[in-house]
1. If I ask for residues that are touching a residue at least 40 places away in the same chain (Cβ under 8 Å) and either assigned to a helix (DSSP H, G or I) or touching a Pro at 6+ places or on another chain (Cβ under 8 Å) (or both), which ones from the stretch 269-282 would you list?
2. Sort out which residues of the stretch 179-209 are hydrophobic (A, V, I, L, M, F, W, C) and either loosely packed, with under 14 Cβ neighbours inside 10 Å or in a loop (DSSP other than H, G, I, E, B) (or both), and write them in order of number.
3. Whether any residue in the stretch 69-84 is part of a helix (DSSP H, G or I), free of Cβ contacts under 8 Å to residues at least 40 places away in the same chain and hydrophobic (A, V, I, L, M, F, W, C) is what I want to check.
4. Within the stretch 12-49, work out how many residues are in a helix (DSSP H, G or I) and either at positive phi or surrounded by fewer than 17 Cβ atoms within 10 Å (Cβ to Cβ) (or both).
5. Do any residues in the stretch 239-263 that are of a type in the set (S, T, Y) have Cβ atoms under 9 Å from those of residues that are in a loop (DSSP other than H, G, I, E, B), where the two are at least six apart or on different chains, and which pairs are they?
6. Taking A285 as the residue in question, decide whether it is within 18 Å of the chain's Cα centre (by Cα) and outside any loop (DSSP other than H, G, I, E, B).
7. For the stretch 150-163, indicate whether the set of residues that are in a helix (DSSP H, G or I), at pLDDT below 90, crowded, with 24+ Cβ neighbours inside 10 Å and touching a helix residue (DSSP H, G or I) at 6+ places or on another chain (Cβ under 8 Å) is non-empty.
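The values are calculated or read from the model by the stated rules, or taken from the named source; none is laboratory data. Note that this is a predicted model, so its numbers are computed, not measured. Note that each Cβ is placed from the backbone with ideal geometry, even for glycine, and that neighbours are counted across all protein chains shown.
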Amino acid sequence: MVDALRGRVNAAGLADRKLGLVLLVVTACGWGLNWSVLKFVLADWPPLFARGTAGLLGAAGLAILAWRRGERLTVPREARLPLALAAGINVFAWMGFTALSLNWLKVSEGALIAYSMPIWAMLIAWPLNGERPNRRSLMALALGVVGIAVLMGGPDLAAHKLPGVLFGLSAAILFALGTVMARKPIAMPFTATTAWQVALGCLPMVLLSLLVEQPHVLALSGRSALGLAYMAAVPMALCYLTWFGALKRLPTAAAATGMLAVPVVGTLSAVPLLGDALGLREVLAVAITLGGVALALRRAG
């Protein structure tokens, strides 16, 4: 009987892991394509307003879904601070800073820098979880820095694109922090928690945009409106559900490794959708940086 029970537990764990991998693939594809779609919307709307508006629409959809599933949307007092912190790291910094980076960077450049995230997650896990990086981890970090330097193409180009690089790196490091911290769940229903995170992370983007960017709301074209609908439904709603669902079922390092598919999807989709060039320098930079990330997570993988 004990063996039968152990077999059922192992089978349930395997099924849960397979579901986590499926959720991870959906997240990577949805977020990867979003890099190119966002460029369409940025032709008419500034970055913070575009991402923030899409996020509020997505949060409204998630709230309706949570309500229909019978989840309570009220936030317990003890969950308010963790929820606000998670929203700032996982949504405001991640979606807002990566959107701003595209003002100076191509899709391939912005995606590559942002998805150096697994390296930073490895380093952040040292003080938070006691996972000390070894020589292999430090070599991986060096490869990531070299790859970004190759991508920038020299000191002149790097100086020209420095604001985009800083926004992209800030997004990567903060999202890595959120990934490590996500192992401790917030005491709220799953869909309701996701809805609140997206809403609290995106509302400051819209408010800040109204003060700084002064967007022309009626300037949105038909193509951009379709892009906005995609951003609201997929990256801001579905993909946050699938990402947090994957983190519940997979080790942090494994989930971070799966995100390596995002810059690949983003870079490849930008070639037909945006006409971005995929030259030798971009290919070399992708190979070096992703090689460093793969080296950092080889043991975990």
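1. The answer is S269, A270, L273, L274, R281, E282.
2. A182, I186, A187, M188, L207
3. Yes, there is a match, as at least one residue in the stretch 69-84 is part of a helix (DSSP H, G or I), free of Cβ contacts under 8 Å to residues at least 40 places away in the same chain and hydrophobic (A, V, I, L, M, F, W, C).
4. We begin by selecting, within the stretch 12-49, every residue in a helix (DSSP H, G or I); these are 12-42, 47-49.
Applying the additional criterion that residues be either at positive phi or surrounded by fewer than 17 Cβ atoms within 10 Å (Cβ to Cβ) (or both) yields 12-19, 21-22, 25.
Number of matching residues: 11.
5. Sorted first by the residue in the stretch 239-263, then by its partner, the pairs are T252/A182; T252/R183; T252/A300; T257/L297; T257/A300; T257/G301.
6. no
7. yes
Conditions tested, residue by residue: (1) touching a strand residue (DSSP E or B) at 6+ places or on another chain (Cβ under 7 Å); (2) more than 14 Å from L226 (Cα to Cα); (3) at pLDDT 95 or above; (4) of a type in the set (V, I, T).
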{"residue": "V41", "(1), (2), (3), (4)": "no, no, no, yes"}
{"residue": "G55", "(1), (2), (3), (4)": "no, yes, yes, no"}
{"residue": "W67", "(1), (2), (3), (4)": "no, yes, yes, no"}
{"residue": "P76", "(1), (2), (3), (4)": "no, yes, no, no"}
